[in-house]
Amino acid sequence: MKIIMLGAPGAGKGTQAKKIASKYGIPHISTGDIFRANIKAGTELGKKAKSYMDQGLLVPDELTCDLVVDRISQPDAANGYVLDGFPRTIPQAECLTDALKNLGGQVDYAIDVDVPDENIVNRMSGRRACLKCGATYHIVFAAPKSEGICDVCGEKLVLRDDDRPETVLNRLKVYHDQTQPLIDYYSKAGVLKTVDGTRSLDEVFSEIVGILGE
Ligand code: AP5
Ligand code: MG
């Protein structure tokens with residue numbers, strides 16, 4: 001099962017992608033998490049990515065496509081995966097379509113987690129992230145057991161650099177300009193499924209399971 005998650009920044013793509021990966025036993029591949037891990041490790045890719053991410057801009061397609069094509073060609077991705085945060089531009093979607101043709105497959109589901117802009121800034125300011133294992137929390141809607149500490153690995157939780165309100169507004173603009181056209185792209189491909197992302201985490205997940213099957 002090859003799934004991609006669409007939706008604005010903060011719509012809940014990462015939250016739902018992790019639940020999908022665990023229920024269906026497929027890897028969760030988040031380009032944002034890959035970039036953040038590279039930033040933390042101080043790699044060349046991380047240095048390049050950071051200069052774009054901190055401004056709320058997209059990392060250039062040529063840095064992103066090869067990375068994802070390489071990742072989905074790994075053995076653990078043979079039975080499918082859930083892509084979170086990729087593709088995000090039409091050239092990235094075309095790159096994925098071409099790569100899948102070569103690997104002999106196609107996207108099965110493009111799940112658009114639909115949340116209006118008004119709800120987004122609130123969600124982002126309450127988000128806390130673990131930069132070590134990639135777990136995500138919300139101080140109200142998905143609080144960690146012990147304040148400021150990751151349930152999974154015990155690392156200190158942080159507010160992501162790009163979750164400051166002024167950067168969030170930039171990310172929303174970039175989303176509308178460059179990523180929203182993918183809704184039309186995957187609708188034409190006949191694989192688009194839209195879920196109402198304003199409901200609770202569990203309600204959104206039930207709707208997704210209704211689409212993917214038990
Ligand atoms: P990325 O890490 O992908 O960020 P994003 O798309 O902006 O999305 P977020 O991770 O912010 O939100 P999400 O939808 O995953 O929401 P979450 O589940 O955490 O990318 C970051 C940057 O990297 C980009 O800006 C770009 O620079 C670069 N980048 C990445 N991929 C790229 C690509 N392909 N090409 C170019 N550049 C790329 O939820 C948000 C919060 O809300 C959490 O606190 C959560 O607990 C809470 N929440 C979730 N669901 C609910 C709910 N139903 N009710 C209440 N609260 C909820
Ligand atoms: Mg995310």
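Annotations
- Matching residues, the range 101-120, being within 14 Å of ligand 1 (Cβ to nearest atom) and open to solvent by 50 Å² or more (accessible area, probe 1.4 Å): Asp114, Pro116, Asp117, Glu118, Asn119
- Checked across the range 44-57, the condition of being touching a helix residue (DSSP H, G or I) at 6+ places or on another chain (Cβ under 8 Å) and closer than 30 Å to Arg199 by Cβ holds for at least one residue.
- Of the residues in the range 140-159, not one is part of a helix (DSSP H, G or I) and either of a type in the set (Lys, Arg) or open to solvent by 60 Å² or more (accessible area, probe 1.4 Å) (or both).
- From the list Asp66, Asp84, Asp33, Asp54, the lone residue that is at pLDDT below 95 and near ligand 1 (Cβ under 7 Å from one of its atoms) is Asp33.
- Selected residue (only one of Lys48, Lys23, Lys18 is within 12 Å of ligand 2 (Cβ to nearest atom), open to solvent by 10 Å² or more (accessible area, probe 1.4 Å), over 23 Å from Gln180 (Cβ atoms) and at pLDDT 95 or above): Lys18
- Odd one out for Arg128, checked against (1) charged (D, E, K, R); (2) over 24 Å from Phe141 (Cα atoms); (3) out of contact with any Cys (no Cβ under 8 Å at 6 or more places or on another chain); (4) surrounded by 15 or more Cβ atoms within 10 Å (Cβ to Cβ): (2)
- Listed by first and then second residue, the pairs with beta-carbon distance under 7 Å, at least 6 apart or on different chains, first residue in the range 12-32 and farther than 16 Å from Arg88 by Cα, second within 8 Å of ligand 2 (Cβ to nearest atom), are Thr15/Thr136; His28/Ala17; His28/Asp84.
- Close pairs (9 angstrom Cβ cut-off, 6 or more residues apart or separate chains): closer than 16 Å to Met5 by Cβ in the range 95-116, charged (D, E, K, R) and part of a helix (DSSP H, G or I) anywhere: Ile111/Lys13; Val113/Lys13; Val115/Arg123
- Restricting attention to the range 171-214, the residues that are of a type in the set (Gly, Ala, Ser) and outside any helix (DSSP H, G or I) total 5.
- Of all residues making up the range 188-206, the number that are open to solvent by 60 Å² or more (accessible area, probe 1.4 Å) and touching a residue at least 12 places away in the same chain (Cβ under 8 Å): 6
- Residue in the range 30-45 that is at positive phi and under 13 Å from the mean Cα position of the chain (by Cα) present: no
The values are calculated or read from the model by the stated rules, or taken from the named source; none is laboratory data. Note that the structure is a prediction, hence the values are computed from the model and not measured. FYI the Cβ positions are ideal-geometry reconstructions off the backbone, even for glycines, and counts take in every protein chain you see. To get the accessible areas, we keep the full protein, side chains included, count just its heavy atoms, and leave off ligands, DNA and RNA. Shrake-Rupley method; radii C 1.70, N 1.55, O 1.52, S 1.80 Å.
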